[in-house]
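To start, the structure under review is shown below, and the notes come after it.
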Amino acid sequence: MSRHFLRLPDIAGLPVALAGGLLLGAVTFWFYGKVLLGAQGSSTLAVEDFYGATGTVITPIPAQGAGEVSLIVRGQRLNLSARSVTGEPIPRNALVIVQEMQGAVALVRRTT
């Protein structure tokens, strides 16, 4: 193109073509990196996202055992194994709040 537009010989047009290619590549890289990838969301949940989340007991939690709770964390409904923080049993349909996470088990207490 530099040969036709700038009237340069082939050897002199090579650096111009190289610079144009690098510029176009940089603009494309920026476009994909900022515009397209920046618009993506993430559904990855961190442990910190569970702290303070409220939910409902779907399988009763016995005094020294595990039950199951249903939580909504960052717009996602999750069912997790749960234990009572206080050691008291928690009946089905009780509202609970997550105090702590131990691996995949939520330590919960009843809301008042």
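Quick one: go through the range 83-112 and flag any residue whose amide nitrogen is under 17 Å from the point 7 Å out along the Cα-to-Cβ line of Q76. Only 101-106 fall inside the zone, counting backbone N under 17 Å. The 3J(HN,Hα) values that the Karplus relation (6.51, -1.76, 1.60; θ = phi - 60°) gives for the range 91-103 are, in residue order, x, 4, 6, 6, 7, 10, 10, 7, 8, 7, 10, 10, x Hz. Gly and Pro appear as x.
Would you work out if the chain is rounded, prolate or oblate? Take a ≥ b ≥ c from the square roots of the eigenvalues of the alpha-carbon gyration tensor; rounded if a/c is under 1.5, else prolate when a/b is larger than b/c, oblate otherwise. Since a/c reaches 1.5 and a/b is larger than b/c, the shape of the chain is classed as prolate.
In the chain, taking the dipole from charged Cβ atoms about the Cα centre, the farthest positive-side position among A63, G13, A106 is held by G13.
Please sort 94-103, 53-62 by packing, taking for each peptide the average over its residues of neighbouring beta carbons within 10 angstrom, highest first.
Values: 94-103: 15.7, 53-62: 17.5.
Ranked by mean Cβ neighbours within 10 Å, highest first: 53-62, 94-103.
Once the chain from T44 to L6 is taken as fully extended at 0.36 nm per residue, the excess over their C-alpha distance is 8.5 nm. Taking trypsin sites (Lys or Arg not before Pro) across the range 30-112, the ones in a DSSP loop with at most 15 further Cβ atoms lying within 10 angstrom of their Cβ are R74, R92. The peptide list 7-16, 64-73, put in order of mean Cβ contacts within 10 Å with the highest first, becomes 64-73, 7-16.
Every number in this text was worked out from the coordinates using simple rules, so none of it is lab data. None of these values were measured; they are calculated from a predicted model. Positions of Cβ are generated from backbone atoms using ideal geometry, with glycine treated the same way; all protein chains shown enter the neighbour counts.
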